[in-house]
1. State which residue is farthest from the ligand (Cβ to nearest atom) when the search covers only region 69-103 and only residues that are out of contact with any strand residue (DSSP E or B) (no Cβ under 7 Å at 6 or more places or on another chain) and not in a helix (DSSP H, G or I).
2. Could you say whether any residue in region 136-158 is under 18 Å from ASP96 (Cα atoms), hydroxyl-bearing (Ser, Thr, Tyr) and either surrounded by fewer than 18 Cβ atoms within 10 Å (Cβ to Cβ) or touching a helix residue (DSSP H, G or I) at 6+ places or on another chain (Cβ under 7 Å) (or both)?
3. Could you look through region 118-132, keep only residues that are away from the ligand (no atom under 16 Å from the Cβ) and under 28 Å from VAL239 (Cα atoms), and pick out the one that is surrounded by the fewest Cβ atoms within 10 Å (Cβ to Cβ)?
4. Regarding region 441-459, can at least one residue be identified that is within 21 Å of PRO571 (Cβ to Cβ), modelled with pLDDT of 95 or more, in contact with a His (Cβ under 7 Å, 6 or more places away or on another chain) and not small (Gly, Ala, Ser)?
5. Inspect all residues belonging to region 265-280 and state whether any of them is buried (at least 17 other Cβ atoms within 10 Å of the Cβ), among the β-branched types (Val, Ile, Thr) and within 16 Å of the ligand (Cβ to nearest atom).
6. Going by the conditions given, is ILE44 modelled with pLDDT of 95 or more, in a helix (DSSP H, G or I) and not basic (Lys, Arg)?
7. Restricting to region 173-187, give me the number of residues that are within 16 Å of the ligand (Cβ to nearest atom) and touching a helix residue (DSSP H, G or I) at 6+ places or on another chain (Cβ under 7 Å).
8. Select from region 204-222 the residues that are within 16 Å of the ligand (Cβ to nearest atom) and either without any contact (Cβ under 8 Å) to a residue 60 or more places away in the chain or surrounded by fewer than 24 Cβ atoms within 10 Å (Cβ to Cβ) (or both) and list them in ascending order.
Amino acid sequence: MREIQGVKYGWHLHAFPPQQVLALAAQYALAPAIAQAILARGHISPQAIEKYLFSSFAEDVAHPSLLYDADKAVERLLRAIEKKEKILIAGDYDVDGITASALMILCLQPLGAYINFFLPNRVKDGYGLSAKTIERAVQSGYRLVVTVDNGITSFGPAQRARELGIDLIITDHHRSHGTLPDAFAIVNPNQEGCSYPYKALAGVGVIFKVMSLLYEKVGRQLPAKAYELLLLGTVADVVPLTGENRYWVRHGLTQINQHSSLSFNVLKTNGKLSKSRISSTDIGFSIAPQINALGRLEDPRQGVQFLLDANVGQVERIGKTLFELNQARKEIERGVLKDVIAQVESGAIDLKSERIIMAASDSWPPGVIGLVAGRLVGMYGRPAILLHTKNGIAKGSCRSIPAFNMFDALQASSDLLTTFGGHPQAAGLSLPVSSLQQLKERMEGRAAEFLTEKDLKQKLMVESEITLSECTQKLVDDMRHLEPFGCQNPEPLFYVRGAVLVEKPTLLKEAHIKLKLFHDGATRSAIFFNRPELYAWFAERDEPFDVVGQVKENHWQDTVSIELTGLDVAPTS
Ligand SMILES: [Mn+2]
């Protein structure tokens with residue numbers, strides 16, 4: 001591995017013996033740069049390469065009854081359907097929780113289940129199942145409550161369900177707090193003692209497995225729309241796109257690219273996605289944020305109806321609202337991000353002495369702080385905790401880098417917290433405002449212990465060196481074998497050594513830089529997004545320089561061209 005210091009990032013360049021790269025390229029008729037990217041991702045043995053390139057049901061998908069308590073949950077659901085007992089789904093307001101709720105309704109309604117769902121209101125109810133919801137469910141005659149994408153820490157509500165004599169089935173994918181709620185059944189691949197081989201399912205993935213088992217028992221085929229909901233929730237929840245998730249995301253993308261549903265088409269139009277082939281990246285950037293806006297509808301129940309294609313008029317009407325909510329969300333998100341950046345630039349958050357970005361405000365809406373925390377991790381390469389404060393209570397979202405396990409860090413400070421939960425890289429918490437300072441000190445202490453200077457240096461993992469003349473349609477086409485891109489399977493980064501400028505750079509909207517590069521007999525356009533500071537760097541550059549970037553297909557009117565999206569530059573040494 002070679003290291004080059006770029007203007008912003010340290011570049012880690014993979015190198016493999018050319019014979020090995022060329023042999024792999026020849027075997028699958030791939031561009032050598034793509035063959036090297038496969039090796040750089042750690043797929044070295046012939047079996048591993050085969051498994052990565054051709055995900056298959058037989059290799060990647062395990063039987064749902066391997067999930068602990070899945071059989072018990074399915075038996076109970078079938079009994080409820082048979083006895084005409086009322087079933088309540090307790091979901092969540094993010095895309096994973098909404099798609100999981102929709103998927104369960106979609107699957108159980110045709111079997112004659114008396115089923116309804118409850119989604120908490122982000123502001124009024126907060127995250128997760130509450131004892132109050134259980135009490136109301138009992139009053140309304142429900143005999144069975146099933147959580148999706150939440151519940152693994154619902155100790156109080158589980159207790160209340162026992163006392164009131166109704167059954168609670170918890171389906172979740174979040175980490176447990178060690179002990180488990182006293183529920184009728186708990187289906188969660190991440191609970192101790194669950195032998196399900198694949199642990200990275202999203203919440204929608206867990207309920208999908210339960211529904212698959214149920215459909216297997218009644219001898220029916222799952223409705224096609226289930227695969228679309230599974231796709232949306234899985235991509236939106238940013239779970240690793242490896243193994244079983246990779247299989248289902250590929251499956252879902254193939255399906256929607258052949259035939260997409262009414263609601264999906266509305267989201268596609270809203271997102272200005274006119275191309276015929278939608279990728280996981282399009283879903284992550286353009287589709288999922290719109291569904292996320294469902295959680296901010298006055299009545300998030302409409303969101304589930306939207307996803308289930310209730311009727312044309314309603315889908316179009318809600319689609320319009322989603323578009324507007326999403327535009328408004330972007331504005332708010334930009335404002336919060338600007339606030340935090342200003343604190344970094346003024347030194348109020350001092351990146352030299354602090355390893356974690358932690359900030360709180362009563363003016364930041366709870367619905368966007370997770371998104372902004374994610375952006376901050378990307379910008380500064382360190383963990384971020386943002387909190388919304390109200391009436392003496394702080395509610396926050398954390399995002400982290402692989403070197404720092406946020407879930408463990410919160411667990412170690414759980415004596416200060418009212419609630420907490422989530423995953424190693426994304427978690428939520430609440431605590432009294434009076435404890436914020438103490439939490440900050442504890443987090444910094446832990447970061448000092450666990451995070452080295454090296455962890456905090458921002459890195460780019462670069463898979464392959466290329467020449468600009470290799471940036472062709474063939475390279476872009478071959479890159480599709482590596483898709484779907486997302487968490488733990490990012491788009492490949494390429495390194496071009498010694499490019500020169502053909503003409504003066506252009507600064508677009510005071511933020512992005514457009515260039516024409518020349519290298520190895522070829523000229524390509526390149527764009528650097530949100531790097532205005534590089535304008536001066538390029539303007540005075542008369543020597544060759546190195547570039548790291550992604551190779552993209554650019555559709556403009558009726559022409560397609562191959563361009564670079566630049567991420568960083570360095571003077572050629
Ligand atoms: Mn989730």
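The values are calculated or read from the model by the stated rules, or taken from the named source; none is laboratory data. No experiment lies behind these values; they were computed from the predicted model shown. Positions of Cβ are generated from backbone atoms using ideal geometry, with glycine treated the same way; all protein chains shown enter the neighbour counts.
1. Checking each candidate, the answer is LYS83.
2. No; the residues of region 136-158 include none that is under 18 Å from ASP96 (Cα atoms), hydroxyl-bearing (Ser, Thr, Tyr) and either surrounded by fewer than 18 Cβ atoms within 10 Å (Cβ to Cβ) or touching a helix residue (DSSP H, G or I) at 6+ places or on another chain (Cβ under 7 Å) (or both).
3. Within region 118-132, the match that is surrounded by the fewest Cβ atoms within 10 Å (Cβ to Cβ) is LYS124.
4. No: zero hits.
5. no
6. no
7. Adding up the residues that qualify gives 3.
8. Correct list: GLY205 only.
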